[in-house]
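The values are calculated or read from the model by the stated rules, or taken from the named source; none is laboratory data. Keep in mind that what you see is a predicted model, and the values were worked out from it rather than measured. In this analysis, Cβ positions are derived from the backbone assuming ideal geometry, glycine residues included, and neighbour counts consider all displayed protein chains. We work out accessible area using only protein heavy atoms, side chains counted, and drop any ligands, DNA or RNA first. Shrake-Rupley method; radii C 1.70, N 1.55, O 1.52, S 1.80 Å.
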Amino acid sequence: MMVSSAADVAGIASYSADVDPGLIAIIQATEAGQPGPQLINILVGTWLVQGRPVSSKSYVDTTRDSLFNSVWNSPDGRRFRGSDAEKREAVLDVIQPAVGVIEQSAAAPATVLHMVDVMVAASSGPSLHPPVFRVKASSVDAWWINDFEVKQPKGGGSIGVGFSF
């Protein structure tokens with residue numbers, strides 16, 4: 001959603017009464033193309049998400065590029081017989097339905113944080129690295145823009161049991 005007028009800003013504020021005003025300010029600045037944080041960390045439930053805030057237009061563009069590259073480099077894409085221009089046209093035809101839905105969702109009147117260069121991590125297990133991420137601002141439990149340090153707990157505690165006969 002592009003924030004282009006005072007009415008848009010007021011609309012976001014009233015729509016998002018349960019969202020941290022600082023997060024709304026970041027979303028508004030990003031949509032308006034104004035300077036803002038280059039990295040944001042958010043907690044969504046048990047997930048830590050880290051990424052660079054971008055406008056809804058950048059979100060759509062990055063999604064389109066990622067889908068394009070995925071199809072272009074897929075086994076079917078590699079087997080395509082024809083010129084690069086023909087292959088490009090074929091790939092664009094394949095991804096257009098998905099991109100059309102993404103364009104509509106990005107234009108919907110909701111307070112949404114769009115991010116690129118994303119890392120998503122749970123409290124355990126591997127991290128995910130999707131090219132783009134979209135989350136309703138009202139789903140964000142906590143956020144910060146400064147770095148952080150991961151500390152491993154000391155010890156580890158073990159129990160030894162012995163039997164003697």
Inset, instruction - May I ask you to derive the relative contact order of the range 15-160, considering only C-alpha pairs under 8 Å and at least 6 residues apart, and to give it as an integer percent? - result: 33
Inset, instruction - On the full set of protein chains, 1.4 Å probe, figure out the accessible area of Val71 and give it in Å² to the nearest 10. - result: 40
Inset, instruction - Compute the length gained on full extension between Glu89 and Ala32: take 0.36 nm times their separation in residues and subtract their Cα-Cα distance, giving the result in nm to one decimal. - result: 17.3 nm
Legend entry - Residues of type lysines that Lys87 reaches as a straight line, Cα spacing below 28 Å, ignoring anything fewer than 8 places off in the same chain: Lys57
Inset, instruction - Quote the FRET efficiency, to the nearest 0.05, computed for Asn146 versus Asp18 with a Förster distance R0 of 35 Å and r equal to the Cβ-Cβ distance. - result: 0.90
